Each structure stands twice: as C-alpha cells, then as structure tokens.
1. What is the residue count in the stretch 86-116 for residues that are of a type in the set (A, V, I, L, M) and either farther than 27 Å from ARG20 by Cα or not in a helix (DSSP H, G or I) (or both)?
2. Consider the stretch 110-167. How many of its residues are in contact (Cβ under 8 Å) with a residue 40 or more places away in the chain and of a type in the set (Ser, Thr, Tyr)?
3. For SER150, only one of the following conditions fails: (1) under 30 Å from ALA21 (Cβ atoms); (2) over 27 Å from the mean Cα position of the chain (by Cα); (3) surrounded by 10 or more Cβ atoms within 10 Å (Cβ to Cβ). What is its number?
Amino acid sequence: MAAAALPPLPSVRAKELESRASALSRRHASTDDDDRNIDANDQNAQSEQTELVEKPYSSLHEKNIQSNIEASTLAAEQQHRERLEQIEMLHQKEQKVFDQLPPLDPTVTCDAIHQYLSTTSQFLNSYIADANASLEGTSHKLSVLEKQMSLLESKLESIPGLFSEDEEQSVNATDQDNIIDNVAEG
C-alpha cells in the first residue's frame, strides 16, 4: 500500500474542548435554576456583610485579610469565566473546521493508530534497555565499592589498639563474613 499523506486528525485537545463545551452548555441550560439560587445566596451574603459591618474588626490586619480574600476570590472567578469563554470560542472554531471535512477512511485511521503504537512501543523498549544498562552499571560499581570497603576494614583491623576489644570482636565477625563472601563472588 502506498504511503499517502494523512489528513489532519482531530487532536486530543479538540476532544477535551468538546467535552468541556458540552459541560458548559449543560451549565448554561441550568443557569435559570442557578440564577434563582444565586439571588438567594446574594441576599444571604448581603445580610452577612451587614453583620460584618456592624461588628468592629479587632484589628486592621483582620480587615485587610478579609478584603484580600474577597479580592482574590473575585479575580479567580473572573479568570475562570474568561477561560470558559476562550474554551467555548476555540470549540466553535474547531467545530467549524472539522464539520467541513469528510470522515476519514478506516484504513487511514488504522494506519495512523498502527504508526502511533509502533513508535510508542519502540520508544518504551529503548528506554527500558537504557534503564537496565544504567542499573547494571550502578550495581557493578556498588559491588566494587563493597569489596574495597571490606579490604579497608580488614587492613584497619590489623592495626593493634585501634578498636576496643568489644568492638574488635564484632568487627572481626563481620569482616570474616565479608571476606568469605568476596572470595566466593570473585
């Protein structure tokens, strides 16, 4: 089969935008109910604010904290609304573009999926091979270091008066075990 140029496929981003836009449209459908709830919440908030105004702040610091929290909340809500509007606009633009394209041929779709799977598996296999080689190198370096430490410990043990007798007996037992293990490995 001759390799034909693949038509542009919808991206994962387009699908994500579509799901967000559908969720957004569901939210718009329920805005009437939300507006009623918001009005009730606004009335509750106004009554709470009048209570706050009536209560004197114990310090100027608490008043500043309260105003900073309110300002940051309003800014976050505004950014969220702007972001939802941007997503909706992008979704509408992508929908216009993709509605004009004919559906993809199933063989083209299968070829694209096969290409993706093969390149992904090749990458993962090479990554695992590199990780295994690195791990083997580190393991070899650790074994060399263990052998060198056991030799150093045996040389230090040969110096009289360096360790007390209790420490010397425990060091002798572990060193003999290490030397036996190193001889067995080597």
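Only the coordinates and a few stated rules stand behind these numbers; no lab work does. Please read all numbers here as calculations on a predicted model, not as lab measurements. Every residue, glycine as well, gets a Cβ built from its backbone with ideal geometry; the counts of neighbours run over all protein chains shown.
1. Of the residues in that region, 3 qualify.
2. Our first condition is that a residue be in contact (Cβ under 8 Å) with a residue 40 or more places away in the chain; within the stretch 110-167, this holds for 111-112, 143.
Of the ones still in play, those that are also of a type in the set (Ser, Thr, Tyr) are 143.
Looking only at that region, the number is 1.
3. Of everything listed in (1) under 30 Å from ALA21 (Cβ atoms); (2) over 27 Å from the mean Cα position of the chain (by Cα); (3) surrounded by 10 or more Cβ atoms within 10 Å (Cβ to Cβ), SER150 misses just condition (1).
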